[in-house]
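What follows is a set of notes on a single structure, which appears directly below.
No value in this document is a laboratory result; all are computed from the given coordinates. Remember, predicted model here, so these are calculated numbers, not experimental data. Cβ placement follows ideal geometry from the backbone for every residue including glycine, while neighbour counts extend to all protein chains displayed.
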Amino acid sequence: MKKLENLRWNPKWVTHLGCVKGCLEYLGIDVSDAWLYGATGHAFVINIHEELCPSGPTAWNYLPLLELGKNIGYVVDGVLSHKSAQDFAEKQRLAWKMVRESIDKGLPCYGWELDIPEFYVVYGYDEDGYYFRHFDNSGKGPKPWDELGKTGIGELEMHAVRPGEAADDAFTVKRAFEFALERSKSPPRPKSPYKAGIAGYDNWISAFETGKVNGFGNAFNAVVWSECRGFAVQFLKEAKERLGNELSPLFDEAIEYYGTTAVNLEGLSKVFPFHGPNTKGDEVKEAERVEKGLELLKAARNAEDSGLKTIEKILRKL
């Protein structure tokens, strides 16, 4: 067995960035959690299914995050496919080859759905398959390399992380804000049950008002997007310190708006607590909690709407 002994998953609700942070720590690349979430744009994303399916946090095109990651000093190489693709077996072999060669070079890896549908750091391999970590970091494996992607979802996704050269701060912030705005306004696929940006909040609110909300998914979405908005506030503060000068008043404005969003989403996550896989989410059947949830969601939505407008103002000056 070949392994990277000290590679760990960094506990995050956004397991994708928890993997990236763990890889960066292994490589000795010093990036704050806030800068990672903000510079990749993830801190400002929201993706909500019309009935709050728990897939919302991962069922969107997050691949631009990999490109944005280059701005903060790392490069992600990857192999992606779907089990329906004609060359799927070949992509499985390519992923297997990439991971072995990367680990042999001391480069950390991570991938999708080596167990439940989340991301995992891949810290080793043997002749049979992948060894991976997540949750308690105790380690599991081997996951047979030729079983990767053979799931109900059917996505094959494996990445290797290597050091790169960071861009300057103004460019990094500009690109992150451009992505955040683009993502917030992106038109949904025809008849898609998912919505982004303010329309995502409207999906969430509507699910409560119509009684079509998935209790488990609601609680999971709440903790994920609450984490993101908390890091959005910290990223804005860090960006203000790095860029400062005449932009400071606008950053203060954005910090206030996103601070309001973060507080309300954190409150929502407490009204509808997530306890892991065993969460039942029965709280969505309680009228008083639903009323409070709607109050918190509407406040978060309105503040974020103003926050996005402030980001547009900052972009015009960058």
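With r as the distance between the Cβ atoms of residue 89 and residue 198 and R0 = 51 Å, compute the FRET efficiency 1/(1 + (r/R0)^6) and round to 0.05.
Calculated value: 0.75.
Round to the nearest 10 and give me the degree value, 0 to 90, for the angle of helix 215-243's Cα axis relative to the longest principal axis of the chain.
80
Distance from the Cα centre of the range 208-285 to that of the range 174-191, in angstrom?
About 18 Å separates the Cα centre of the range 208-285 from the one of the range 174-191.
Taking only Cα atoms of the range 169-317, what ratio of Rg to Rh do you get with Rh as the Kirkwood inverse-distance radius?
1.01
Excluding same-chain residues fewer than 8 positions from residue 185, which aspartates and glutamates have a Cα within less than 19 Å of its Cα?
50, 202, 304, 305, 312
For the chain, what is the relative contact order in percent, using Cα pairs closer than 8 Å and at least 6 residues apart in sequence? The partial results should precede the final answer.
Numbers: 570 pairs, mean separation 72.5, N = 318.
So the answer I get is 23 percent.
Just want the ordering: 72, 205, 48, from fewest to most Cβ atoms lying within 10 Å of their own Cβ.
Numbers: 72 21, 205 18, 48 28.
Least crowded to most crowded, the residues run 205, 72, 48.
Loop only per DSSP, at most 13 neighbouring Cβ atoms within 10 Å: give me the trypsin sites (Lys or Arg not before Pro) in the range 50-110, ordered by residue number.
Values: sites: 70, 83, 91, 93, 97, 100, 105; in loops: 83, 105.
Taking the range 50-110 and a limit of 13 other Cβ atoms within 10 Å, the loop trypsin sites (Lys or Arg not before Pro) found are 105.
In whole angstrom, how far apart do the alpha carbon centroids of the range 118-158 and the range 288-316 sit?
Measuring centre to centre over Cα atoms gives 37 Å.
Take 228, 19, 53 and order them by how many other Cβ atoms sit within 10 Å, fewest up front.
53, 228, 19
Could you list, in their original order, any pairs among 270/298; 70/143; 174/317 whose Cα atoms are separated by more than 19 Å?
Pairs exceeding 19 Å: 70/143.
Do the sum for the chain: with -39,500 (n - 2.57) for every DSSP H run of n ≥ 4, divided by all residues, what is the mean residue ellipticity at 222 nm, to the nearest 500 deg cm²/dmol?
When only DSSP H runs of four or more count, the value is -17000 deg cm²/dmol.
Taking 0.36 nm per residue of separation and subtracting the Cα-Cα distance, what length does fully extending residue 137 through residue 246 add?
My answer for the length gained is 34.8 nm.
How tilted is helix 248-271 with respect to the longest principal axis of the chain? Cα atoms for both, answer in degrees (0 to 90, nearest 10).
Between the helix axis and the principal axis of the chain, the angle is about 80 degrees.
Round to the nearest 0.05 the FRET efficiency obtained for residue 287 and residue 170 when R0 = 41 Å and r is the Cβ-Cβ distance. Walk me through the numbers on the way to the answer.
Values: r = 49 Å, r/R0 = 1.20.
So, using R0 = 41 Å, E works out to roughly 0.25.
So for 275, 159, fewest C-beta neighbours within 10 Å to most, what's the order? Please list the in-between numbers first.
Details: 275 10, 159 25.
Neighbour counts put them in this order, fewest first: 275, 159.
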